[in-house]
1. Using the structure shown, decide if residue 364 is closer than 30 Å to residue 425 by Cα, in contact (Cβ under 8 Å) with a residue 12 or more places away in the chain and surrounded by fewer than 24 Cβ atoms within 10 Å (Cβ to Cβ).
2. Please give the number of the condition residue 185 fails out of (1) touching a strand residue (DSSP E or B) at 6+ places or on another chain (Cβ under 9 Å); (2) within 12 Å of the ligand (Cβ to nearest atom); (3) over 23 Å from residue 129 (Cα atoms).
3. Hey, any hits in region 141-158 for a residue that's more than 16 Å from the ligand (Cβ to nearest atom), out of contact with any helix residue (DSSP H, G or I) (no Cβ under 9 Å at 6 or more places or on another chain), more than 26 Å from residue 67 (Cβ to Cβ) and part of a helix (DSSP H, G or I)?
4. Does residue 372 satisfy the criteria of being surrounded by 22 or more Cβ atoms within 10 Å (Cβ to Cβ) and free of Cβ contacts under 8 Å to residues at least 60 places away in the same chain?
5. Among the listed residues 293, 229, 287, which satisfies the condition of being buried (at least 21 other Cβ atoms within 10 Å of the Cβ), at pLDDT 95 or above and either out of contact with any helix residue (DSSP H, G or I) (no Cβ under 9 Å at 6 or more places or on another chain) or more than 29 Å from residue 121 (Cα to Cα) (or both)?
6. Within region 233-241, does at least one residue satisfy the condition of being near the ligand (Cβ under 10 Å from one of its atoms) and touching a helix residue (DSSP H, G or I) at 6+ places or on another chain (Cβ under 8 Å)?
7. Answer with yes or no whether residue 336 is touching a helix residue (DSSP H, G or I) at 6+ places or on another chain (Cβ under 9 Å), exposed (fewer than 14 other Cβ atoms within 10 Å of the Cβ), in a helix (DSSP H, G or I) and modelled with pLDDT of 95 or more.
8. Between 412, 328, which is in contact with a strand residue (DSSP E or B) (Cβ under 8 Å, 6 or more places away or on another chain), outside the structural domain of residue 195 (by the TED database) and at pLDDT 95 or above?
Ligand SMILES: Cc1cc2nc3c(=O)[nH]c(=O)nc-3n(C[C@H](O)[C@H](O)[C@H](O)COP(=O)(O)OP(=O)(O)OC[C@H]3O[C@@H](n4cnc5c(N)ncnc54)[C@H](O)[C@@H]3O)c2cc1C
């Protein structure tokens, strides 16, 4: 435990110096946290308290304003980076805290649950997650320079996988990185939905280095790169996408047209990119599940508070079972998803040293957790809006923001339909449908 005391200690110390970020004309209630915390480890609970202390400096009004003005929450990113939280799941030798995905998931949940929502989570998600393949497969420059700059918050990062013409069929992505005489590559193609590309210095880019026709399996011939996003260089352009929720963080179309990258940008071996990225996918499912859970609990806490206070027909609306029971049901769904999420995270962490834990078991657990948490969050957010009646539609009550944002974990990084496909095929051994 000693190895990670310093980031937490400094985080707590910082939280003891309260800062008022914004002062608005109206007040938004801070809700009581309702998740049952029995059974979590001391590490997880310490992370929850310390991260919560940082988040409390960024009230709902901060996130409302960032969402409305579509402004990057750079102060929030900087506050987490300052106390070392972006390196939570990295080994100490690379400047991290040496904790696991169980603790990182708790951190992401605590962020969304604070009211920061998916915008808060997405502002740091790639920084926490993208460093995982770098730490494991990165070259010396990537380990000694890139990772420390990402952890310190100096460099933001983004993940470039999704493409407009291939979508979830990742293995058929069309972006190519063609080898040049100097050992570097020329990148041509288009990415879409790339979160934080406007503010990122680095992109983890998945591109094809060997044509699909020349490989035995579509999973071969892809390579992962950690590239600079040099907006002044030839061959790179990007355009912001107007979107439904999480507007504080940018999402982008990114265009490459003969964009030059150096040989040192390659992560691990050429043509092994999909295997490398696969390595971190189960971890990302756990993080997303945690993010969904936090949003669901935040919405439900607000709904319960409103149902206790709002009086119509001379009694609190929460006395009506048609209001109370859907909220009780939403709570139990979140609690069930919580168990699935932290079970998956624990399996992921344990599988690193316990070789009796099969990777396919981790995959089933992590995918199931992401699915269940996203669905439970959606239920909670939708019911929270309905519980608020007309005020559910008003920005200042926050639940409309949560509802807009809770669709993200249902869609990304893999949709619920593809998780159904995965469970049907891998667990139930039904014929592959795609
Ligand atoms: C807010 C946001 C942020 C994102 N951030 C990033 C990012 O930073 N980096 C990045 O690379 N990507 C990012 N994404 C992209 C995200 O991962 C994709 O949107 C997601 O993987 C779905 O791909 P698609 O949109 O192309 O859907 P499509 O592949 O076009 O699928 C459309 C629909 O068809 C369904 N479908 C497709 N094939 C099948 C099948 N065989 N069986 C059943 N159903 C099927 C899907 O489930 C889905 O409902 C982000 C997306 C969003 C919305």
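The values are calculated or read from the model by the stated rules, or taken from the named source; none is laboratory data. Here the structure is a predicted model, which means the values were calculated and not measured. A quick note on method: Cβ atoms are made from the backbone with ideal geometry, for glycine too, and the neighbour counts reach across all protein chains shown.
1. Details: closer than 30 Å to residue 425 by Cα: yes; in contact (Cβ under 8 Å) with a residue 12 or more places away in the chain: yes; surrounded by fewer than 24 Cβ atoms within 10 Å (Cβ to Cβ): yes.
Spelling it out, residue 364 is indeed closer than 30 Å to residue 425 by Cα, in contact (Cβ under 8 Å) with a residue 12 or more places away in the chain and surrounded by fewer than 24 Cβ atoms within 10 Å (Cβ to Cβ).
2. For residue 185, the exception is condition (2).
3. yes
4. Working: surrounded by 22 or more Cβ atoms within 10 Å (Cβ to Cβ): yes; free of Cβ contacts under 8 Å to residues at least 60 places away in the same chain: no.
Criteria not met by residue 372.
5. Working: 293 fails: either out of contact with any helix residue (DSSP H, G or I) (no Cβ under 9 Å at 6 or more places or on another chain) or more than 29 Å from residue 121 (Cα to Cα) (or both); 287 fails: either out of contact with any helix residue (DSSP H, G or I) (no Cβ under 9 Å at 6 or more places or on another chain) or more than 29 Å from residue 121 (Cα to Cα) (or both).
Answer to the selection: 229.
6. Going through region 233-241, the residues near the ligand (Cβ under 10 Å from one of its atoms) turn out to be 241.
If we keep only those that are touching a helix residue (DSSP H, G or I) at 6+ places or on another chain (Cβ under 8 Å) as well, we get none.
Looking for residues that are near the ligand (Cβ under 10 Å from one of its atoms) and touching a helix residue (DSSP H, G or I) at 6+ places or on another chain (Cβ under 8 Å), one finds none in region 233-241, hence no.
7. On the way: touching a helix residue (DSSP H, G or I) at 6+ places or on another chain (Cβ under 9 Å): yes; exposed (fewer than 14 other Cβ atoms within 10 Å of the Cβ): yes; in a helix (DSSP H, G or I): yes; modelled with pLDDT of 95 or more: yes.
It is true that residue 336 is touching a helix residue (DSSP H, G or I) at 6+ places or on another chain (Cβ under 9 Å), exposed (fewer than 14 other Cβ atoms within 10 Å of the Cβ), in a helix (DSSP H, G or I) and modelled with pLDDT of 95 or more.
8. Values: 328 fails: in contact with a strand residue (DSSP E or B) (Cβ under 8 Å, 6 or more places away or on another chain).
Residue meeting the stated conditions: 412.
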